[in-house]
Amino acid sequence: MTINKLAIIGGSGLYDIEEFKNRDLLDISTPWGKPSDKILKTQFNNKEIFFLPRHGRGHYISPSNINFRANIDALKQLGVTDIVSISAVGSLKEDLPPGKFVIIDQFIDRTFAREKTFFDEEIVAHVSMAHPTSVGLMNACEEAIKKEGIEYQRGGIYIVMEGPQFSTLAESNLYRLWEADVIGMTNMPEAKLAREAEIRYASVSMVTDYDCWHPDHENVDVQQVVKVLLGNASKAKNMIKNLIENFEKHIDPKDPTNYCLDVAIITAPEKRTKKTKDKLNTVAGRVLNK
């Protein structure tokens, strides 16, 4: 029987969950290098949970320099089956003001300077990203958010830009024409790599500002973002506690993520070298070692 394990990847403003007192910081190595920081292993109400700060504790890793492959591989090594990503974003819609949460169900990937796949040498795989987030995990997030009385929207399109600069006004207006909901810098290629590793994934975006399309936010600055971040992080920590309690009851054994590699790897078996199979063992050993 599969043991379901939840990991939280925290974004800007969410670097730790200090309230969890039973703490073990794990220093994990991967074939892709080191993850963003040591991974917190902790217990809450007798349930094991892992926490990884995406930008490192103290926020010293730029979005383009996050080792997304190492982050996902390290969590997979620990037996993680479900990831909830928590990210700070700008709003592209009037009805998504600062402080509101959005449960993301779609992405538009505009990044260009990042390694986006585990399958970049010898073994080729094409996983489906039509529906990049887990419906079951989205349900769990919604229940956890409702319990805290947080204003939220279920469903939304997240534009992932390269950064680290904020958008130009022309870019911001273009993304609004595309009917995107929020804009950020970190959920891609994270969501793609989680899918390749057969880890269910959900994304909760915390709005910190209107992007520069809004006349009141033409010059978005870090100080105004940080002010909202602090309030959002407090709400997010309470949401996480609720999520730990409820996520398992929402797991769908038929979630397409669970066995997506069964129909994704196209490379002929005789072309798959031991060196590459060993490198991919954590994320794809289930199918490569048959």
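Listing for the model above:
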{"read-out": "Matching entry among 277, 290 (being modelled with pLDDT of 90 or more and closer than 22 Å to residue 31 by Cα)", "value": "277"}
{"read-out": "Near pairs, Cβ below 8 angstrom, 6+ apart or cross-chain, from segment 118-138 (touching a residue at least 60 places away in the same chain (Cβ under 8 Å)) to any residue that is basic (Lys, Arg) and in a loop (DSSP other than H, G, I, E, B)", "value": "122/272; 123/272"}
{"read-out": "In segment 6-26, residue modelled with the highest pLDDT [restricted to those that are part of a loop (DSSP other than H, G, I, E, B) and over 20 Å from the mean Cα position of the chain (by Cα)]", "value": "22"}
{"read-out": "Selected residue [buried (at least 22 other Cβ atoms within 10 Å of the Cβ) and farther than 28 Å from residue 253 by Cα] from 89, 80", "value": "89"}
{"read-out": "Criterion violated by residue 150 - all others in (1) buried (at least 18 other Cβ atoms within 10 Å of the Cβ); (2) closer than 18 Å to residue 83 by Cβ satisfied", "value": "(2)"}
{"read-out": "The listed residue being surrounded by fewer than 18 Cβ atoms within 10 Å (Cβ to Cβ), under 22 Å from residue 32 (Cα atoms) and either of a type in the set (Asp, Glu) or within 19 Å of the chain's Cα centre (by Cα) (or both), out of 252, 278", "value": "278"}
{"read-out": "Among residues of segment 45-73, those that are among the aliphatic types (A, V, I, L, M), farther than 15 Å from residue 115 by Cβ and crowded, with 24+ Cβ neighbours inside 10 Å, counted", "value": "1"}
{"read-out": "Test for residue 203: is it of a type in the set (S, T, N, Q), over 21 Å from residue 48 (Cα atoms) and in contact (Cβ under 8 Å) with a residue 60 or more places away in the chain", "value": "no"}
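The values are calculated or read from the model by the stated rules, or taken from the named source; none is laboratory data. Just so we're clear, the structure is a prediction, and the values are computed from it rather than from any experiment. Every residue, glycine among them, receives a Cβ derived from its backbone with ideal geometry; neighbour counts consider all protein chains shown.
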